[in-house]
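Below: the structure, in structure tokens.
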Amino acid sequence: MLIGRARSHLLVIDMQEKLAPHVAGIDRVMENCRRLAVAAARLGVPVTISEHCPSAIGRTIGALRSAAGTDARAIEKVEFSCCRNAALKQRMAELKRAGRDEIVVAGIEAHVCVCQTVLDLIAEGFEVFVAADAIGSRLQETRDLAIGRMRRAGAAIVAQEMVIFEWLERADTAEFKELLAVIK
């Protein structure tokens, strides 16, 4: 099944100032999260950002927050799974009721907050797409283990470019021309 722009929601998990520098390959993860956020903002796909214990770990990286646009919603949490946080759970339920039952997931850390969230989202009946090139962990090994577990649980493992091109659907639009610079 293709990822539908009208049915999607982007969830960026815990891309925070003090945690990010410890993640393997963070520059690539950050850039791919930024690309997803820019595309979502341009294409009208809702963006939700979680911030885990921001008083200790810091806020979402500024460039990512800017890329997500002013309509993006940042929500603080202490729970590892976003689905165990009342405000985030409510946000996702509202979007699902509005027909957005597909969630594209990006962020850190893959083996903790990302994986637990994905497993809970699947249990709650969402179609989940994990942007593998936009998630990371401190260790590559734990990232890889998380990807395998999420795949076995039913998540579709995709790349951020797959998501963006599926959202775009065609090459003869102004949106495509604008986002081409982001994709390259």
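The values are calculated or read from the model by the stated rules, or taken from the named source; none is laboratory data. Just so it is clear, the model here is predicted, and its values are computed rather than measured. Heads up, the Cβs are rebuilt from the backbone with ideal geometry, glycines too, and the neighbour counts pull from every protein chain shown. Only protein heavy atoms, including side chains, enter the accessible area calculation; ligands, DNA and RNA are left aside. Shrake-Rupley method; radii C 1.70, N 1.55, O 1.52, S 1.80 Å.
Listing for the model above:
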| read-out | value |
| --- | --- |
| V29 accessible area, 1.4 Å probe, all protein chains in place, Å² to nearest 10 | 0 Å² |
| Charge dipole of the chain about the Cα centre (unit charges at C-beta), most positive-ward option of V158, I183, V128 | V128 |
| Within the accessible area of the chain (1.4 Å probe), percent carbon and sulfur | 54 percent |
| Average silhouette area of the range 72-184, convex hull of alpha-carbon atoms, in square nanometres | 7.9 nm² |
| Computed log₁₀ I(q)/I(0) - Debye formula, equal Cα scatterers, no solvent, the range 1-156, q 0.09, 0.21 Å⁻¹ | -0.23, -1.48 |
| Distance between the range 1-31 and the range 38-104 - C-alpha centres, whole angstrom | 10 Å |
| Interchain or long-range residues, amide H under 5 Å from G107's placed H | I13, I135, G136 |
| Kirkwood-Stokes translational diffusion coefficient of the range 18-82, alpha-carbon pairs, 10 °C, 1.306 mPa s, µm²/s | 128 µm²/s |
| Unit charges on C-beta of K, R, D, E only; dipole of the chain, Debye | 160 debye |
| Computed lengthening from C53 to A74, 0.36 nm per intervening residue step minus Cα-Cα distance | 6.3 nm |
